[in-house]
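Inspection log for the structure reproduced underneath, given as structure tokens.
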């Protein structure tokens, strides 16, 4: 940063006293850089001294004078001010340069001083960081079109404009035009600020996972219109595909009961996998119920448990084989499939206690009800039953002190316990809910069983329309404007939203892209709908629909109806009454004759 400065009093024999020299005035100093032209360099001398003129010798310096710029006469004021207009060569480097300044007196004598002229460094516009847009998942080989966000910063105290970036891509990544060069443009970056540009690239199978360095060049203009160039590099990462590991747990269950087979899936990669699905393909037992047989999205480092229930009613003792096909889609879009086998050992019937839970999906940042159902298959009453829930850090349970006393449960009966919970998170997750049940069995012994339930927590998208209005009267052959706002009062942002309006039998769908819809942020919209010429007057219904996606890519819609009355554009005027028309005409005719007679009489008298 250049600021005005005063030079200590320096005197020569018969020399003037220089009290200031710099680019610009003491009140308004300026910054001068390579390539600047017509810049005022000012020297102020001791007051009340008479000088003829001052001369700057620019030989051997990166400065050149504007026409007459190296020669200046003092201004008539309390002090003598010499202003030189100089150009700075574009090839100049930042630093201080000595310049000879000669003053010529009125008596013909002169004296020379050395002044040091500053050149400041050009603005250092550069890439501050680069990161991948997360909407399409992390980039992996063969992942196709991905969006690279590049943050360009201007640390200078002045704005820059016409910022153009070109970058060189590594082999295996190309621009949408098929070249290995990317281009970005920013019209303006304020001082001390930055702008983010998004560049789409195509990631092919030819690139391997790893970190790559991208070199770039930036051209821009500063506030004086001088053009500069900078260069540098930044890193990007290509990630490996998601990797799924599967654990299938065997089961031991008595006859005439239910065998629960647990299949746990881990994503050990660093990219998400999608469309995770388990399909039973072979079973020697009857499948009663399966839950969580499919999920759209499994994040890196996360796991998911699927549960399949099989009946052992009237099944002989022995070991039975169950086969499953597990499939998922990796980040590159490739489908993977593999078969797994589990075994169920059916043993002689025994007395037992079972516990189930529903629903298995709840919403974060909302109050939810979880129902735990305890079943007693003993032939006698169970006593002193207690529930204990293992604490979960991000699940708040209302009115829960640690242990729930159930009391007694009669033979072959059930009891439901409702728990009111609040997931304290703001992103989808799986909560492992562990429940311990203890009781006094009919034989006088205390028993304890532990149950583990995966509870899926998702955001709730709750859409509504507000302030709906038809802003003009609807005539056939006209266009009406529909306006309003769409509101998401849930806990999860809605993505890629579009407003659709449709008037059955008269118009095609009219759409308006809204984009992502954050929570509690009403977004206004406006649509124009054409009413055809052949529309008959009457009351109609406009169907208004908002179509959106959840974080897993599932498509949903919310619809409301808007009544509209259509009028005809032109109404033919009624035919005039013939009698009324003739009577009026006759009256006018009589009045005209009377006036004419009066005029004739007046003319005759005047003669």
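The values are calculated or read from the model by the stated rules, or taken from the named source; none is laboratory data. None of the values given here were measured: they were computed from a predicted structure. Every residue, glycine among them, receives a Cβ derived from its backbone with ideal geometry; neighbour counts consider all protein chains shown.
Checked against the criterion of being more than 24 Å from the chain's Cα centre (by Cα), in a loop (DSSP other than H, G, I, E, B) and not assigned by TED's automatic domain parsing to the domain that holds residue 380, the candidates 444, 477 yield just one match: 477.
Each residue in the stretch 503-521 was checked for being surrounded by 15 or more Cβ atoms within 10 Å (Cβ to Cβ) and at pLDDT 85 or above, and 5 of them qualify. Among the residues of the stretch 273-284, none qualifies, meaning not one is surrounded by 16 or more Cβ atoms within 10 Å (Cβ to Cβ) and assigned to a loop (DSSP other than H, G, I, E, B).
Please count how many residues of the stretch 513-556 are assigned to a strand (DSSP E or B) and more than 28 Å from residue 478 (Cβ to Cβ). Steps first, answer last, please.
Initially, the stretch 513-556 is screened for residues assigned to a strand (DSSP E or B), giving 513-517, 523-530, 538-549, 555-556.
From the residues that got through so far, the ones that are more than 28 Å from residue 478 (Cβ to Cβ) too are 515-517, 548-549, 555-556.
The number of residues fulfilling the criteria is 7.
Each residue in the stretch 64-85 was checked for being modelled with pLDDT of 75 or more, under 19 Å from residue 25 (Cβ atoms) and either not assigned by TED's automatic domain parsing to the domain that holds residue 106 or not in a loop (DSSP other than H, G, I, E, B) (or both), and 6 of them qualify. Of all the listed residues (248, 244, 329), the sole one being over 30 Å from residue 145 (Cβ atoms) and in contact (Cβ under 8 Å) with a residue 12 or more places away in the chain is 248. Applying the criterion of at least 3 residues that are surrounded by 14 or more Cβ atoms within 10 Å (Cβ to Cβ) to the strands (runs of 3 or more DSSP E) found wholly in the stretch 319-420 leaves 335-347, 353-358, 368-376, 382-389, 404-409.
Is it true that residue 211 is at pLDDT below 95 and part of a strand (DSSP E or B)?
On the way: at pLDDT below 95: yes; part of a strand (DSSP E or B): yes.
In short, yes.
For residue 240, the conditions (1) more than 30 Å from residue 127 (Cβ to Cβ); (2) over 24 Å from the mean Cα position of the chain (by Cα) are fulfilled apart from (1).
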